[in-house]
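The values are calculated or read from the model by the stated rules, or taken from the named source; none is laboratory data. Since the model is a prediction, treat every value here as computed from it, not as a measurement. Keep in mind that these areas ignore ligands, DNA and RNA; they rest on the heavy atoms of the full protein, side chains included. Shrake-Rupley method; radii C 1.70, N 1.55, O 1.52, S 1.80 Å.
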Amino acid sequence: MRAPALLLLIAGISYGQVQSAADVAVGVQTQLLAPGSLAVINYSSVSNTPALSATVSLQPANLTAPVSAQVTNVTPSAITFVVPTSVPVGDAQLIYKPGTQATQWTPVFIVPANLALFRTGATGPLTAQNINPDGTAVLNGLATPAQPGQPVVLWGTGLGSTLQSAVGITLGGVAQTLLYAGAAPGQPGLNQINFKVAAGTPDGCYVPLTVSYGTQS
């Protein structure tokens with residue numbers, strides 16, 4: 001059974017809520033983590049000393065030893081980390097320690113894949129980049145729309161073990177040419193999806209885009 005919530009108060013010290021990094025800013029509460037994904041623990045604390053460092057590990061239900069996670073950023077209210085790729089699917093305990101505070105834990109559920117795309121709202125628009133013929137990139141927007149034949153880059157996290165061959169994109173109901181789907185080079189926990197805008201893709205503002213991966217979309 002999946003953990004219904006990832007909110008836990010421990011000894012009056014702090015509580016932590018775990019989300020995909022792409023879901024944090026837009027308030028989506030999917031609360032499912034995929035191996036290799038970038039995730040954020042948002043926590044509150046009564047401590048007067050802000051955390052400048054942190055440790056994170058995951059204790060799978062069927063393993064005896066916790067697996068350390070790579071921490072990429074720490075603020076007084078959030079810890080960003082990469083879910084270890086070696087953590088198996090299923091229930092686990094997330095164990096974290098912000099700075100000198102007491103160690104905290106909260107239940108999590110690990111899934112094979114749970115893609116979340118970086119966006120400016122709960123359903124979009126997406127944070128996408130158009131690639132110009134000279135190789136430069138410009139943020140996709142009303143004044144800078146993508147053109148047929150132009151490559152576009154999406155950013156997300158949570159593809160997990162999904163193969164590139166199992167990723168597909170439609171834009172305005174038209175299938176697009178996938179160029180790449182996988183880890184973003186040099187950016188731990190991030191996924192990069194590149195596609196080329198197909199001929200016949202409808203013009204317009206906020207054209208709906210769907211990314212399918214495996215049996216999900």
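Observations on the model:
- Accessible area per residue for the stretch 162-217, computed on protein heavy atoms with a 1.4 Å probe, is 55 Å².
- Cα shape, the stretch 31-138, gyration tensor, a/c 1.5 rule: oblate
- Here the convex hull built on the C-alpha positions of the chain has a volume of 134 cubic angstrom per residue.
- Apolar share of the accessible surface for the stretch 62-217: 57 percent from carbon plus sulfur atoms, 1.4 Å probe.
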